[in-house]
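Encoded as structure tokens, the structure appears first; notes follow it.
The values are calculated or read from the model by the stated rules, or taken from the named source; none is laboratory data. Keep in mind the model is a prediction, meaning the values are calculated, not measured. Every residue, glycine among them, receives a Cβ derived from its backbone with ideal geometry; neighbour counts consider all protein chains shown.
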Amino acid sequence: MADHEQLWGELSALLRGLRSLHGQVLARADVRCEVAGAAVLGQLELLGPVRLTELAQALGLDPSSVSRQVSALERAGWVTRADDPTDRRAQRLQLTPAGREVVAAITRERATVLERLTPDWSGQDLEELTGLLARLNADIATHREQLDVRLETA
């Protein structure tokens, strides 16, 4: 159990550090939006045109919170709405060309910042950490549902 407690502590420290760094990344990339807005842009890049409810689900957030971010991103000219071809009553969100440029700038700056923060890391070190984080993320996604079920029945 102590190993898992230590892992939780390190993950918590990592999340705090990433939150702090993300604001700096946005500033260095000259992107004026909230960190949450950048997360929306990133998900739209991954998902492509998507309904607001699907975007909120992918982000693990309430649709009203995501809607506020989307409105700000629309005003900036980075996101647009288009009719959903499968349901004319619904709309799909998508990145504009300017939005794709913003995502590319953020991605480049993240890589630059990480490179500067890990100057003594070998390619093998980076590959190993990336692999372990990917494994952890997959396990969380797989086993989280089991945990949710156990919590509901408790």
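Brief remarks on what is shown
- Residue that is farthest from G42 (Cα to Cα), among those in the stretch 81-132 that are polar (S, T, N, Q) and assigned to a loop (DSSP other than H, G, I, E, B): S122
- Test set (1) under 14 Å from the mean Cα position of the chain (by Cα); (2) of a type in the set (V, I, T); (3) under 20 Å from E101 (Cα atoms) - V50 fails condition number: (1)
- Any chance L73 is at pLDDT below 95 and assigned by TED's automatic domain parsing to the domain that holds V35: no
- Helices (runs of 4 or more DSSP H) completely within the stretch 1-80 that count 2 or more residues being loosely packed, with under 11 Cβ neighbours inside 10 Å: 2-28, 63-75
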